[in-house]
Each structure stands twice: as C-alpha cells, then as structure tokens.
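A.B. asks: What follows is a structure written as structure tokens; I'll ask about it next.
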Amino acid sequence: MSLFKARDWWSAALGEGEEFDQGCLCVGDVDNSGTGHDKVVVGSYMGMLRIFSPHTNKSSEGGVADAQLLEVQLQNAIIQVEVGKFVSCSELLHLAVLHPRKLSVYSVSGTAGNVEHGDQYQLKLVYEHNLKRTACNMTYGTFGGVTGHHSLCIQSMDGMLMFFEQDSYSFGRFLPGFLLPGPLIYNSRTDSFLTVSSALQLESYKYETLSVATEAESRQDPDLPLKTGGKRLMPDWTLVLGEQALDLSVPSFSHSSASIFVLGERNLYCLRDNGQIRFMKKLEFNPSCFLPYASVSDGITNLLLGNHTNMLLVYQDVTLKWAAQLPFVPVAVRVANFLELKGAVVSLSSEGHLLCSYMGTDPSFFTTPKVDAREADYEQVDAEMKKLQKVIREVTRTQGGRPNSLTADKITSTYILCLLFKQLTEVFSLVVRCQKYQRLTEFQRFIFNYYIYLIFSVFVFFFFSLATIWLKFQTSNRVPRVLQSRFSLPLSLVCVPSSPTKTTKFKITVDTNQPPVNLTAIFPEFSSKSEDKDGNTLAFQFLSGAKVTVLASKTSQRYRVQSDSFEDMWLVVKELVQRFDQHFAKLGIKDFKKSFSGPLPLQEYFLSVDHHFQLRVNAQQYQDLLSERAVQFRAIQRRLLTRFKDKTPAPLQSLDTLLDATYSQVMALAEAAEENRAQLEEAFVRLRSATHLLVLLLSLWQGLTPDQTAILEATLLPLLQDTPQLGWEESCDAAVSHLLRSCLSRNPKDQATSLAQAGGPVLSFPRDTERLKKHIALMCDRIAKGGRLTLASEANAQVPIQVGQTHKITLIHSPFNTHTHTHTPYGSFSLG
C-alpha cells in the first residue's frame, strides 16, 4: 500500500446503476473554446453522454453542477467516445460517439448566457452511419497520409475493419484468422493499424495493404480461393505475446521516442515501429488500464498504470517513480490541462466515479483510537493462579518430578494444555497430529506469567477418536526437550443424540456381573437430549449419517448395541466398555467384569474385508488399463508426427479420430481411478474400525490381558494406510500366519522352528481373500480353545527414558455443549 494518496482536486459520481469501460472516457477542447483547456467527455453503457469542465469551487454548493456543461440521454449504449477533426472542410474538433450499430459525429457549441445561469451548451448531430455489423471499438487518424482531417476505422465483433472518411463509407476488410476482437490502434508514423488477434500475437497491417486487399462484402473462408479481385490480406509483421492484451497505445510526442506500448495481463511491452522489442516489464499485479504521456527528457516516455489494488503507478520506462492510492479501481485514465491545473490525472471507475487528481505528498495519518484502560483484578488473577497450582500438584504428586503422558479423563470438546516450567522457556512449538480424517479447526496460544496455555479443538470426520501431541521446546540453557502424549477425543465430537431404531442388521450383546445402570449416567453429555427418561435406551447418530442404538435390559445384566452399519458400532462399544470401568471404579467395585458371549461376527467382518479387497483389485485394473491406453496414445502420436513431417504426407486414415477416442478413454479411466482411490481410502478407514471392533469383542470373549490385546491389534492392523506396493491383506495374512506357526501352533516343534526363522516369503498381491479369511477364523478358533498370545522378546526389560529437567504437565478440561435436537417419544423394552 502506498504511503501517499492521489490528491483529490475534483470528483463526481455519475448516475446510479450505470456501467463504464475503457473507451467511455476522453479529454479535449471539444467545444473549440480556443483557450486550449480540455473538457472531460464521459459516455456510459446506458446511453448517457456527459461533458464536464472541472474547476475548483470555493463554496460547498453546486460543485459538480457548475462543472457539468452538458448531459444528454442518447437512445443507444455508448461504447467509445473520441474527439478529433471528423468533418470535412472544417478545422474544428468534433465528438465521435460509437454505438453498437451506429456511428454518430456531433458538434458541441456553447452560447454565452445573459443571466446568472451561465453559458448554455448544445449537442448537434453533424452526420451518422448506420452499421450493418455490431461494433466493438474504433480508432482514428490521418489514414493514407492525408492531413487536415481525421478518418475513422471501426472493428466489428466478427473481425471486419470498416473505414469511414468523414460522412462517406470507404471500404471494409476482414482480418485473417479472426476469432475474437482485440484492442485496435492506428500508428501515424508507419500508416498502419495494430491489433492483437486470438492467437495472442500483435499484428500490424498497413493502410495501403488493407485498401488493395480483397473486398469484404461477405465473410469467406481464408483457406478457400479468392472469389473477387485483389490481394490476400496478410500482416506486415507479427509478434507473439503469449497473453491477451488489455490495451494498445502509440504516443506521438517525438520521433526520438517513437514506441508502441502493449499492456498485457501479466507484462508491459514497449516495441519499435518495426515490431522489435525495446523493453518488457513483468507485472506483479493485475493491471486495469494505462496511458503513456510525454516526458521532459528526450527519448524517455512516462507511463501511468492502474491496477486492481486501487493503485496508480508512474513508470519512467521500466523504473517505478511514484505510487499513489486511488479510492477505486480505474478502468480508464487520461491526462488533461484545465484552467486552474495543468497535467491533471483524470480517472474513471466502472461504477462511474470520475476523479481529477494530481500527485503529491499528502500522507494519510491514522492514529489508533484511545482505549479506556481497565485495572487488572488481582484477586481474580490470584485465585486462578492458586487453582491451577492445585491441579498441577495433584497430577504431579505421584510422578516423582518427571513429566508424564497426558491423559483425558473427561469427555470434552476443548482441551487446555497447561505447562509450568522452573524457568520460562524462550523457544517452543506444539505439534498436534490426529489420525486420518481428523483435522484441527482451532488453535490459540496464551502466555500468563510463567504459565503457557495451549488451547485447541479437534474435529473428527469418521470413526477414530485418538490424537497425539508433541511439545518441542528449549529450556533456558538451550537444551532441547520433547514431550509426547496420546489421548482420546470426546464422543460428542462425532455424533449427536438421536431417536432409537428397533430393526437393525447387526447386534452385539455385552454381559456384566453388576446390576444394570442408567445409560444417562454413563453418557451424561447426551442425557439432556435423550427421549428415554428411564435411561434404558440411548441412540447416537454419527455425522456420516449412521445410527447406533444402545439398549439396557431391565431384568438382566446385559446391554445390546445395534446398528445397520457394522463398522460404526466400534466407537460406541469401546466407549461403553471404558465408561463401565470408570463408573464402577468410582463406586469402589473391584470385582467388576464384562464379557461377550459370542459368537464372533466373522461373516460381517469379512464383508468389510472383501469390499476393501475388491476396491484394491479395481485400482490395479484401472492402472493396467491406463498404462495400456497411454502406450496406444503415444503410438498414435508418433504415427501422426511422422505423417506431418513427411514432405508428401499420406492420408491420415482416421488416425486423428482414433487419437481423440483414445484421449477420451484415458481421461475417463483417470477420473474413474481417482474416484476409486477416494472410495478405497474410505473403505480402509471402515475396515480399521471393523478390525478394532473384532479385537475388542475377542478380548471380551476370551478375557485377554492388555498385552495380549495389543499383540492381537498389531497383528490385524499392521499398516496405518494402504500403499500401491503393500496392502493390508498380504500384511495381515503374513502376521496372522506367523502367530499360527508360533505362539498359537499346536506343535511345539513348529513353534520353535518358526521362531528360529530369520525371514519369510516376499509379500505380493493376493489373488483373493479366501486364505486370509481362513487364517483369521483359525486364529480365533485357537484362541477360543486356550491359545495364548505371547512374544519371545517379552522378557527383555524396558529401559526407562531419562529426562534432564523436571517439567510438570497436566490437562484441564472445559465443558462441552452438545447440539440441540428434537426427537419423538420412544418406548423402552428389555432384552431376551
């Protein structure tokens, strides 16, 4: 942003709801006053024509009204206005107004007033031309070297140049290879016309070449033979720009600084009259308009350039000399001489803001408003400090002065991490890593005295509710330290209360040895929205749309979890089991037991396995088909290239059609492969959820210890994600096979032989999942018959981690507000 703003000398707001563009502004002595002072002519797309003579107004009343000479509502939209000598046998300046289907030339005259209302101005039509084609823009000049008057050239929307000499039509020519109209300008030094074609190249056509070219009575294909006499129209020279041009300008200040300026979307070009580049400047902004103007130094051209950041930049060749802030984005800029100000910058916005300004050092001094300082409540701060110190002491009382891993024992949505250091650290950083399909939505940091609070919230997309925190910091002695913690996220992040469902596909029953408890006491954050006041039924709806219902039996000690989605039940079953342990532990019951009576839902689990494997097979097939079509595509390209390079090319024999068809097949296969990849990622997440549920049920069924459960989980979940080289099926099959040959083997000799092996076979993509499912079923059967999961390295003692400095760490929880939902009443029922 510039330090200085463009100093406002005179401004006006033109109409309401009108639109303006690049050609709607011009300046000149349109009323032929003889003083040499310019007037500002503005036309709008709504057909309103206005003429101003800006001047400073000492009083506050009537500033714009006094400066406005004329305002006329024309019948058609105004595309462009120009001031020149457009009437034969007259040296006076006239106003040319271009409409979509008409060119009108007016004379503007003023009559001295005899009363206090001042001078009166009139707009009189001199002549007009009705156009057969829709106009786009126009330019004027002394075409053919004729002096004393100006001719007009109009470019139509279909690429025809129409030439007019005063009140008569001369001829028309179609530009070769035309697609869309570009900017048009006349170069009087070479008597040529410049435009930018749809091929993104600057083209120059001499007036003499245009006059003797083929007559353009009707547009015809340039590749066809000429039907009438004349030469085929060809440009004198071209220059490839590689981008669309916004505007062209050919200033004629002196022959020593003869240049052609082209404003592109990303670059500014300065060319000689023969098309050679003098210099080029890459722009770091989006330009909107520009205007070259005379410089006091010979051979140098100054340049005004407006951009879409409301800036007006002044360049001297490629050097930036000044930058000023405008109150709008300019679409047109001109330099004018007024009675009270020479060299004023006239700029116009697309909404009709007209501004006459000049460059000057008028800085904008912004002062921050004074804020009423409030005294700190020291009593409140001291009470908060004592509370935090108490929490820290309770957590670190049994830790022996060493930092322990963070734990989350309350169900919340926001976690506040509080750290107390003996000496405040200077450099620290926090990394929070969640499992796939989780993301951090909020992160804040607060520093208060010697406490550092880190507040964050995590949003979970699918089924995993675990996150890991790494805190990396340096102590005052520049010693690096790292703290790591893994904790569970609240269930209320991924689901909301819902109405229970009676009929479902999948059901799981958990048995306990204690009387049934109220489910609203186990899940207090969902109690306010529960429809069952007795606490026997509770339903959860995940953000993905799946519903899970929990039922507590009134007569027995059993709990049923049911849902139409097998994978979605894992999170609810895990939370139910964990909260049972916490609930009965608080009651002081030490002999609490929970179990699963079976049978294991292996067939339901194998559905997830087959679905995941089928998507992997599809991905491999898409990859093979893409490789095959790519080879075919390159072969066709080589044949076409050989045909095109041949001096006597043979017929294509539909090779171009085959190339287009192959390209369409490649794109369709790529889109299908990308869609399959997204489905594969989701299927792997659901497979992990189903595997977690199977491990949990198996541990409840056979009463596995935490170490045995960890071995089983590592066996069935050997990968965190699939890769093209290694997938879940072959990895899991290898791990399960190792358990069957080692700790779960019936023959001790096989177990010893398996443990003595240093390696195993190379893992490859399986043909199907039959072997894997057979091994998983066999593993569950052997565990059910008394097999126990052990590792040969269990006897190795773990080496404790040494920490150089004592750090105290705790986790404080804040309450979570659940969403508000309205449900219909639902009756309670018992389990059989």
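The values are calculated or read from the model by the stated rules, or taken from the named source; none is laboratory data. Please read all numbers here as calculations on a predicted model, not as lab measurements. Heads up, the Cβs are rebuilt from the backbone with ideal geometry, glycines too, and the neighbour counts pull from every protein chain shown. Accessible surface areas use protein heavy atoms only, side chains included; no ligands, DNA or RNA. Shrake-Rupley method; radii C 1.70, N 1.55, O 1.52, S 1.80 Å.
A.B. asks: Express the Stokes-Einstein translational diffusion coefficient of the stretch 677-752 in µm² s⁻¹, to the nearest whole number, given a Kirkwood radius over alpha-carbon pairs, 10 °C and a viscosity of 1.306 mPa s.
C.D. replies: Stokes-Einstein gives a translational diffusion coefficient of 116 µm²/s.
A.B. asks: Now for a separate question. Under Stokes-Einstein, with the Kirkwood radius over Cα pairs standing in for Rh, what whole-number D in µm²/s applies to the stretch 491-596 at 25 °C and 0.890 mPa s?
C.D. replies: For the chosen part, D equals 176 µm²/s.
A.B. asks: Also, I was wondering about something else. Note the full-extension length gain between Arg278 and Gln120 as 0.36 nm times their separation in residues minus their Cα-Cα distance, in nm to one decimal.
C.D. replies: Answer, rounded to one decimal: 52.0 nm.
A.B. asks: Right, here's the next one. Find out how many positive minus negative residues lie around Pro287, taking Lys and Arg as positive, Asp and Glu as negative, among other residues whose Cβ is under 13 Å from that of Pro287.
C.D. replies: Every neighbour counted, the sum reads -1.
A.B. asks: I would also like to ask the following. What nm value, rounded to one decimal, do you get for the distance between Gln75 and Tyr663 when each label is placed 7 Å out toward the C-beta?
C.D. replies: So the two model labels end up 4.8 nm from each other.
A.B. asks: Hey, rough spin-label estimate for Ser595 and Ala784, points 7 angstrom out along Cα→Cβ, what's it come to in nanometres?
C.D. replies: Going by the 7 Å Cα→Cβ label model, 1.5 nm.
A.B. asks: Continuing with this model, one more query. Between Thr723 and His738, what length comes free when the chain is fully extended (0.36 nm per residue of separation minus the Cα-Cα distance, one decimal in nm)?
C.D. replies: Gain on stretching Thr723 to His738: 3.2 nm.
A.B. asks: Return a whole-number percent for the relative contact order of the stretch 491-596, with Cα pairs under 8 Å and 6 or more residues apart as the contact set.
C.D. replies: Relative contact order for the stretch 491-596 comes out at 34 percent.
A.B. asks: Inverting the mean 1/r over all pairs of different Cα atoms, compute the Kirkwood radius of the stretch 23-107 and quote it in Å.
C.D. replies: 13.6
A.B. asks: Report the FRET efficiency, 1/(1 + (r/R0)^6), for Ser188 and Val496, where r is their Cβ-Cβ distance and R0 is 60 Å, rounded to 0.05.
C.D. replies: 0.20
A.B. asks: Here's something else I'd like to know. Taking H as built 1.01 Å from N, whose amide H comes closer than 5 Å to the amide H of Gly47, not counting residues under 5 places away?
C.D. replies: Ile78
A.B. asks: Counting only the backbone N, which residues of the stretch 308-331 are under 20 Å from the spot 7 Å out from the Cα of Arg7 toward its beta-carbon?
C.D. replies: Taking a point 7 Å out along Cα→Cβ of Arg7, the residues of the stretch 308-331 whose backbone N falls under 20 Å are 311-315, 321-328.
A.B. asks: If you don't mind, there's one more thing I want to ask. Kindly write out, for the stretch 661-677 in residue order, the coupling ³J(HN,Hα) from the Karplus curve 6.51 cos²θ - 1.76 cosθ + 1.60 (θ = phi - 60°), rounded to whole Hz, with x marking Gly and Pro.
C.D. replies: My calculation for the stretch 661-677 gives 5, 5, 4, 4, 5, 4, 5, 5, 5, 5, 5, 5, 5, 5, 5, 5, 4 Hz in order.
A.B. asks: Which whole-number value in Å³ per residue fits the convex hull of the alpha carbons of the stretch 602-785?
C.D. replies: 145
A.B. asks: Go through the stretch 693-706 residue by residue and turn each phi into a ³J(HN,Hα) via Karplus (6.51, -1.76, 1.60, θ = phi - 60°); whole Hz please, and just put x for glycine and proline.
C.D. replies: Here the 3J(HN,Hα) series is 5, 5, 5, 5, 5, 5, 5, 6, 5, 10, x, 6, 6, x Hz.
A.B. asks: Next question. Find the centroid of the Cα atoms in the stretch 283-346 and in the stretch 678-741, then give the distance between the two in whole Å.
C.D. replies: 68
A.B. asks: Would you kindly derive the ³J(HN,Hα) couplings of the stretch 601-608 from the backbone phi angles with the Karplus curve 6.51 cos²θ - 1.76 cosθ + 1.60 (θ = phi - 60°), listing them in order in whole Hz, with x for Gly and Pro?
C.D. replies: In residue order, the calculated couplings are x, 5, 5, 5, 5, 5, 4, 5 Hz.
A.B. asks: With all protein chains present, calculate the accessible area of Glu82 using a 1.4 Å probe and round the result to the nearest 10 Å².
C.D. replies: Surface open to solvent at Glu82 totals about 40 Å².
A.B. asks: Please calculate the 1.4 Å probe accessible area of Ile277, with all protein chains present, and give it to the nearest 10 Å².
C.D. replies: 80
A.B. asks: Report D for the stretch 557-690 in µm² per second (integer): Stokes-Einstein, Kirkwood Rh on Cα pairs, 4 °C, 1.567 mPa s.
C.D. replies: Approximately 64 µm²/s, per Stokes-Einstein.
A.B. asks: Whenever you get a sec, line up Cys136, Cys289 from highest to lowest accessible area (probe 1.4 Å, protein heavy atoms).
C.D. replies: Cys136, Cys289
A.B. asks: OK, next. Figure the gain on full extension for Ser556 and Ala199 (residue separation times 0.36 nm, minus the Cα-Cα span) and round it to one decimal in nm.
C.D. replies: 120.3 nm
A.B. asks: Hey, can you grab everything whose amide H is under 5 Å from the amide H of Lys5? Only 5+ residues off in sequence or another chain; H modelled, so Pro and N-termini drop out.
C.D. replies: Long-range HN contacts for Lys5: Gln325, Asp362, Ser364.
A.B. asks: Right, next: With the other protein chains left in place, how much accessible area per residue, in square angstrom, belongs to the stretch 602-785 at a 1.4 angstrom probe?
C.D. replies: 58
A.B. asks: If you don't mind, there's one more thing I want to ask. Order Met359, Met138 by their accessible area, 1.4 angstrom probe, all chains in place, largest first.
C.D. replies: Met359, Met138
A.B. asks: Tell me the label-point distance for the pair Gln614, Ala585, using the 7 Å Cα-to-Cβ offset, in nm and rounded to one decimal.
C.D. replies: 4.2
A.B. asks: Under the rule of at least 5 residues apart or a separate chain, name every residue whose amide H is placed under 5 Å from the amide H of Ser295.
C.D. replies: Close amide H contacts, sequence-distant or interchain: Asn302.
A.B. asks: So if I take the centroid of the Cα atoms in the stretch 158-201 and the same for the stretch 628-674, what is the distance between those two points in Å?
C.D. replies: Result: 39 Å between the Cα centres.
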